[in-house]
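The values are calculated or read from the model by the stated rules, or taken from the named source; none is laboratory data. Note that this is a predicted model, so its numbers are computed, not measured. All Cβ positions, glycine included, derive from the backbone under ideal geometry; neighbour counts span all protein chains shown. Side chains included, ligands, DNA and RNA excluded: accessible areas come from the protein's heavy atoms. Shrake-Rupley method; radii C 1.70, N 1.55, O 1.52, S 1.80 Å.
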Amino acid sequence: MFLVGVALKSTLVLSVIWLAAGWLKERSAAIRHLIWSVGFAALLVLPFFAVAIPAWRLPIIDSRLAPGLVFQARGQVHAEEAARYTGARAGVESPVQSHPRLPGWPMLLAMIWAAGSAISWAQMLTGCLMIERLRCRANPCRMPGAAELAKLLGMRDEVDLREAARGTMPITYGLFRPTIFLPADVVEWNAERRRAVLLHELAHVCRRDGATHLLARAVLGLYWWNPLAWVGWRELLKERERAADDLVLAAGTCASEYASHLLEIARAMQSPAAVGWASVAMARPSQLEGRLLAMLDTKRDRKAPRRAVTAAVSVMALCLVAPIAAVQAKSDPSEVMTAQQAGGSPATGWLKEGDVALEHAQYPQAKAAYTMALNAGGSGAEAATALIHLGMIEVAMKDFGGALSDFERAEAANSGKAGEARMWMAITQERQANLDAADGLYQSALAAEEPNSSLAATIMERYAQLLQQQGRHDEANTMRVQAAGIRKTQAELELASSEPPTPDVYRVGGGVTAPMLVSKAEPAYTQQARIAKYQGTALLSVEIGEDGVARNIKVARGLGFGLDQKAVEAVKQWRFKPGVKGGEPVKVAAQIEINFALI
């Protein structure tokens, strides 16, 4: 998610830079080059700012009907399939522990990103090494008048001039100690061409284009996958050469003669591709047309930005990138919100990640996340939740001793979780055929839990399964009736506080035909319900619209362990042939029963 955030934020920064450079199209090339250079610098520090600056969290802001039309569906799984899914097959350790998992697509994307960056940086490093080797072996180049031309551009330090092979393109290279490489046959040129070429390369040194080139090339390697980064790279190269041309013309060079020299150099001279990865070449054929038009345009602004302008642009870039870096990126839709987005502690985020891994039966990942939640120093409730979920995993993997220890620790960590922890201790004892111990723990769990809570109903429903197994049918029925009463009361309260039914909703009869089910998605079992071997029926109240889609879905009778949410998710995918009144499709109220069973 950190890389996703950086990707989104870098795209936003690049878009702003591109708009700013376009807005300044009537200004000098030096100004636009400054915008792109500062923008690339901002992109370089963006990942570090995203880590260092405190997160800026943005606040992130689903009818009551009693129809006679009822649809039914079953969410079921074979008991052996559930055992295989949870890795709880008798006498066999969980296969999740013994078989390595292939990296998921987020990790593959991260690996591809890293590989592309490594290749790009390796190219740049190769170019640097080649030029450093050339600089060590090249002879000094004596150019009469070089010092005077440097002073004409306002330079005080002497520039290192080196001799390169005949017919090679003049280039400038260097971060702290710039070097200009001129072809060995430069002495054969006429004075005007030597002056124009030397002025152009000195302009690059004066403007520190060698440093900005390496900086932008490094940033391009980091964001190589982003088309906007390549657009910015080309714009930076184009504006850099035009800005250097402007300095040459400002020094008194005739525009038409300078254009002629530039064409001849681009035609007759070339530089190795590897050298271009790290150095500033004088002429690139792809840029010639635009450069020639720009230097022959007498109305073009050729002023270099003052230091105050450079400082102002830098401050503006900092003010842009800092808040963007601080904004928390939203998680992938398949993932839950992180703790920072939810406004909770770090432990909350690890709990959410563990829940996602548990739901996909990724036990090692889930255990690692819940363990991190414990180590993150969450509150007593968070620690208890992490321990209960760790115990669930131990039950699934048939480590019953470890599971009971985790549940006992959870109860000790937070008394408010005592009912849930004891319920899971009862399930663990039941799984070991210690039915008397399980019976006592179910009763203890009910005593510790709020009498009319959803969890109390879940404990009763699970306890009824044990009573039925023991042949205590009357007690089991009594327990189910009590649980049903709690579910009904909760549903009524939920419906009373929810939005009223949508207007113009009809019931079947009186000239209204019933919708017909065309396709449906079978609801899935939650992993917790699989581990607990929990069964039951959820009842949903829905409105089937004129388009055949179920909307305004409400839970009229829920279940525990998240099964009612799974029922809602499944029904949202159902499609109907809508009900009809007077030959026109109409909204029709209906109920849907979802039966979850282990067979």
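In this simple spin-label model, placing a label point 7 Å from the Cα along the Cα-to-Cβ direction at both Ser15 and Asp297 gives a separation of 2.7 nm.
Over all distinct Cα-Cα pairs of the stretch 97-228, the Kirkwood formula returns a hydrodynamic radius of 17.4 Å.
Is the stretch 471-599 best put as rounded, prolate or oblate by its Cα gyration tensor, with a ≥ b ≥ c the root eigenvalues, rounded for a/c under 1.5, and otherwise prolate when a/b is larger than b/c, oblate when not? In terms of gyration-tensor shape, prolate.
Simple spin-label estimate for Ala368 and Asn139 gives 6.1 nm between the two label positions (7 Å along the Cα-to-Cβ direction from each Cα). Each other residue within a Cβ distance under 13 Å of Ala211 adds +1 if Lys or Arg and -1 if Asp or Glu, for a net charge of +4. For the stretch 109-188, GluC sites (Glu not before Pro) are listed when DSSP marks them as loop and at most 16 other Cβ atoms sit within 10 Å of their Cβ; the list is Glu158.
Counting only protein heavy atoms and using a 1.4 Å probe, the accessible area of His33 comes to about 10 Å². Between Glu475 and Ser260, full extension at 0.36 nm per residue minus the direct alpha carbon distance yields a gain of 67.2 nm. Taking only protein heavy atoms and a 1.4 Å probe, the accessible area of the stretch 179-264 is 58% carbon and sulfur.
Pairs over the 29 Å Cα-Cα cut-off, from the set Lys488/Lys581; Lys352/Lys417; Lys9/Lys566; Lys352/Lys554: Lys488/Lys581; Lys9/Lys566.
When the surface is traced with a 1.4 Å probe over the full set of protein chains, Asp157 keeps roughly 120 Å² accessible. Residues Glu289, Glu235, Glu494 ordered from highest to lowest accessible area at a 1.4 Å probe: Glu289, Glu494, Glu235. Here Lys520 is the anchor, and the aspartates and glutamates within straight C-alpha reach of less than 19 Å, apart from those fewer than 8 places off in the same chain, are Glu543, Glu546, Asp547, Asp564, Glu569, Glu593.
Per-residue extension of 0.36 nm, minus the Cα-Cα distance of Thr537 and Asn190, leaves a gain of 115.5 nm for this segment.
Amide H contacts under 5 Å for Cys141: Leu161, Arg162, Glu163, restricted to partners 5 or more places along the chain or on a different chain, H placed in the peptide plane at 1.01 Å from N. For the stretch 99-189, applying the loop criterion from DSSP together with a ceiling of 10 other beta carbons within 10 Å to the trypsin sites (Lys or Arg not before Pro) yields Arg101, Arg142, Arg156.
When shorter helices are ignored and each DSSP H run of at least 4 residues is given -39500 (n - 2.57), the per-residue value for the chain at 222 nm works out to -18500 deg cm²/dmol. Over the stretch 475-543, with every protein chain in place, what whole percent of the accessible area is carbon and sulfur at 1.4 Å, could you tell me? C and S fraction of accessible area: 55 percent.
Size descriptors for the stretch 138-192, from the alpha-carbon set: Rg then Dmax equal 11.4, 31 Å. With the convex hull drawn around the C-alpha atoms of the chain, the volume per residue stands at 224 Å³.
Shown here for the stretch 449-518: trypsin sites (Lys or Arg not before Pro) in loop regions (DSSP other than H, G, I, E, B) with at most 14 other Cβ atoms within 10 Å, of which there are none. Using the Cβ-Cβ distance between Met111 and Ala218 with R0 = 30 Å, the FRET efficiency computed as 1/(1 + (r/R0)^6) comes to roughly 0.90. Answer with one residue from Val555, Leu466, Pro515: the one whose Cα lies farthest towards the positive end of the charge dipole of the stretch 451-565, charges on Cβ with Lys, Arg +1 and Asp, Glu -1. Positive-most Cα among the choices belongs to Leu466. Using 1/(1 + (r/R0)^6) with R0 = 30 angstrom and r between the beta carbons of Ser415 and Asn452, what's the FRET efficiency to the nearest 0.05? Plugging the Cβ-Cβ distance into 1/(1 + (r/R0)^6) gives 0.95. The heavy atoms of Val356 present about 30 square angstrom of accessible area, all protein chains included, probe 1.4 Å. Rolling a 1.4 Å probe across the protein heavy atoms gives the chain an accessible surface of 50 Å² per residue.
Amide H to amide H distances under 5 Å link Leu517 with Lys577, where only residues 5 or more positions off or on other chains count and H is placed in the peptide plane.
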